[in-house]
Amino acid sequence: MIWRQHTVYRDRAGGVVIRGEHVQRWISLAPSGRKDEILLRAGRILDGGTTAPARSETVVPLGAGTGELATACRRLLAETAADTAPPAPAAPGRTKQPEKPKQPGRKGKRMSFTSWTILACVVGVIVLYAYSTATTGTR
(Lines give C-alpha, C1' and ligand atoms only; values in the text may rest on other atoms or scores of the structure.)
Protein backbone atom coordinates (compact mmCIF):
# COMPACT_ATOMS: atom_id res chain seq x y z
CA MET A 1 0.00 0.00 0.00
CA ILE A 2 2.75 2.49 0.87
CA TRP A 3 4.40 1.94 -2.50
CA ARG A 4 1.23 3.10 -4.26
CA GLN A 5 1.05 6.33 -2.29
CA HIS A 6 4.72 7.14 -1.63
CA THR A 7 7.90 7.34 -3.67
CA VAL A 8 11.12 6.39 -1.89
CA TYR A 9 14.50 7.27 -3.42
CA ARG A 10 18.06 8.34 -2.58
CA ASP A 11 19.05 11.96 -3.05
CA ARG A 12 22.40 13.20 -4.34
CA ALA A 13 23.86 13.48 -0.84
CA GLY A 14 23.08 9.83 -0.07
CA GLY A 15 20.04 10.43 2.12
CA VAL A 16 16.65 8.77 1.71
CA VAL A 17 13.62 10.80 0.59
CA ILE A 18 10.00 9.72 0.97
CA ARG A 19 7.54 11.69 -1.18
CA GLY A 20 3.80 11.62 -0.58
CA GLU A 21 2.26 13.14 -3.70
CA HIS A 22 -1.25 12.68 -2.31
CA VAL A 23 -0.45 14.91 0.69
CA GLN A 24 2.00 17.18 -1.16
CA ARG A 25 4.78 16.60 1.41
CA TRP A 26 8.24 15.05 1.51
CA ILE A 27 10.53 13.95 4.31
CA SER A 28 14.20 13.00 4.13
CA LEU A 29 16.63 11.13 6.35
CA ALA A 30 20.31 11.93 5.91
CA PRO A 31 23.57 11.78 7.87
CA SER A 32 23.87 14.84 10.09
CA GLY A 33 27.65 15.13 9.98
CA ARG A 34 28.00 14.03 13.58
CA LYS A 35 28.52 10.47 14.69
CA ASP A 36 25.39 8.50 15.61
CA GLU A 37 22.90 11.19 14.52
CA ILE A 38 20.51 11.47 11.62
CA LEU A 39 19.08 14.66 10.10
CA LEU A 40 15.35 14.70 9.39
CA ARG A 41 13.95 17.37 7.07
CA ALA A 42 10.42 17.90 5.77
CA GLY A 43 8.96 20.15 3.12
CA ARG A 44 6.23 20.67 0.56
CA ILE A 45 5.80 19.44 -2.99
CA LEU A 46 4.87 22.36 -5.23
CA ASP A 47 2.51 22.40 -8.18
CA GLY A 48 4.14 20.60 -11.06
CA GLY A 49 5.93 18.15 -8.76
CA THR A 50 8.96 20.24 -7.86
CA THR A 51 10.26 20.03 -4.31
CA ALA A 52 10.30 23.14 -2.15
CA PRO A 53 13.15 23.70 0.31
CA ALA A 54 12.79 22.15 3.75
CA ARG A 55 10.32 23.92 6.01
CA SER A 56 11.50 22.24 9.19
CA GLU A 57 14.31 19.96 10.31
CA THR A 58 15.62 18.21 13.40
CA VAL A 59 18.45 15.90 14.45
CA VAL A 60 17.65 12.52 16.02
CA PRO A 61 20.22 10.20 17.63
CA LEU A 62 20.55 6.81 15.96
CA GLY A 63 20.24 5.17 19.37
CA ALA A 64 16.67 6.45 19.63
CA GLY A 65 13.98 3.88 19.07
CA THR A 66 11.68 3.73 16.09
CA GLY A 67 8.92 5.26 18.22
CA GLU A 68 10.95 8.41 18.84
CA LEU A 69 11.94 8.56 15.16
CA ALA A 70 8.32 8.15 14.06
CA THR A 71 7.25 10.87 16.51
CA ALA A 72 9.86 13.25 15.10
CA CYS A 73 8.71 12.48 11.54
CA ARG A 74 5.06 13.09 12.43
CA ARG A 75 5.95 16.37 14.17
CA LEU A 76 7.93 17.63 11.16
CA LEU A 77 5.17 16.69 8.74
CA ALA A 78 2.59 18.39 10.97
CA GLU A 79 4.72 21.56 11.13
CA THR A 80 5.04 21.51 7.35
CA ALA A 81 1.29 21.10 6.95
CA ALA A 82 0.64 23.95 9.41
CA ASP A 83 2.98 26.24 7.46
CA THR A 84 0.89 25.77 4.32
CA ALA A 85 -2.45 26.56 5.95
CA PRO A 86 -4.20 29.44 4.18
CA PRO A 87 -4.02 32.78 6.01
CA ALA A 88 -7.06 34.10 7.88
CA PRO A 89 -9.33 36.40 5.85
CA ALA A 90 -8.27 40.05 6.02
CA ALA A 91 -11.75 41.57 6.08
CA PRO A 92 -13.66 40.66 9.27
CA GLY A 93 -17.06 41.50 7.72
CA ARG A 94 -16.84 38.90 4.98
CA THR A 95 -19.03 35.86 5.11
CA LYS A 96 -17.72 32.39 4.43
CA GLN A 97 -18.87 30.54 1.36
CA PRO A 98 -20.97 27.50 2.13
CA GLU A 99 -18.92 24.34 2.41
CA LYS A 100 -19.35 21.61 -0.15
CA PRO A 101 -21.13 18.56 1.21
CA LYS A 102 -18.79 15.65 1.86
CA GLN A 103 -19.23 12.49 -0.10
CA PRO A 104 -20.23 9.54 2.06
CA GLY A 105 -17.45 7.07 2.80
CA ARG A 106 -14.69 9.45 1.78
CA LYS A 107 -12.02 10.33 4.32
CA GLY A 108 -10.48 13.23 2.42
CA LYS A 109 -6.73 13.78 2.08
CA ARG A 110 -5.76 12.75 5.60
CA MET A 111 -3.49 9.77 6.01
CA SER A 112 -4.99 6.83 7.84
CA PHE A 113 -3.42 5.28 10.91
CA THR A 114 -2.38 2.29 8.78
CA SER A 115 -0.48 4.55 6.35
CA TRP A 116 1.35 6.24 9.24
CA THR A 117 2.22 2.85 10.73
CA ILE A 118 3.60 1.59 7.43
CA LEU A 119 5.56 4.82 6.95
CA ALA A 120 7.01 4.51 10.46
CA CYS A 121 8.02 0.89 9.77
CA VAL A 122 9.75 1.84 6.50
CA VAL A 123 11.60 4.67 8.23
CA GLY A 124 12.57 2.30 11.05
CA VAL A 125 14.02 -0.22 8.60
CA ILE A 126 15.98 2.52 6.86
CA VAL A 127 17.36 3.79 10.15
CA LEU A 128 18.31 0.29 11.28
CA TYR A 129 20.11 -0.27 7.97
CA ALA A 130 21.97 3.05 8.33
CA TYR A 131 22.86 2.23 11.93
CA SER A 132 24.13 -1.27 11.08
CA THR A 133 26.16 0.12 8.17
CA ALA A 134 27.65 2.83 10.40
CA THR A 135 28.59 0.42 13.20
CA THR A 136 30.16 -2.23 10.96
CA GLY A 137 32.12 0.33 8.95
CA THR A 138 30.88 -1.03 5.60
CA ARG A 139 30.48 1.59 2.90
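Once a ≥ b ≥ c are taken as the square roots of the eigenvalues of the Cα gyration tensor of segment 1-71, is the result rounded (a/c under 1.5), prolate (a/b larger than b/c) or oblate (a/b not larger than b/c)?
prolate
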The correct ranking of Arg19, Arg74 by accessible area at 1.4 Å, largest first, is Arg74, Arg19
Stretch gain in nm, segment Asp36-Tyr131, where the contour uses 0.36 nm per residue and the Cα spacing is subtracted: 33.4 nm
Compare Leu40, Leu77 by solvent-accessible area with a 1.4 Å probe and give them largest first, with all protein chains kept in place. Leu77, Leu40
How far apart, in nm, are the 7 Å Cα→Cβ label points at Arg75 and Ala52? 2.2
Roll a 1.4 Å probe over the protein heavy atoms and report the accessible area of Glu21 in Å², nearest 10. 80
List the residues whose amide H sits under 5 Å from the amide H of Ser56, counting only those 5 or more places along or on another chain, with H placed 1.01 Å from N in the peptide plane. Ala42
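The values are calculated or read from the model by the stated rules, or taken from the named source; none is laboratory data. Keep in mind it's a predicted model, so treat the numbers as computed, not measured. Here Cβ is always computed from backbone atoms with ideal geometry, including for glycine, and neighbour counts include all displayed protein chains. To get the accessible areas, we keep the full protein, side chains included, count just its heavy atoms, and leave off ligands, DNA and RNA. Shrake-Rupley method; radii C 1.70, N 1.55, O 1.52, S 1.80 Å.
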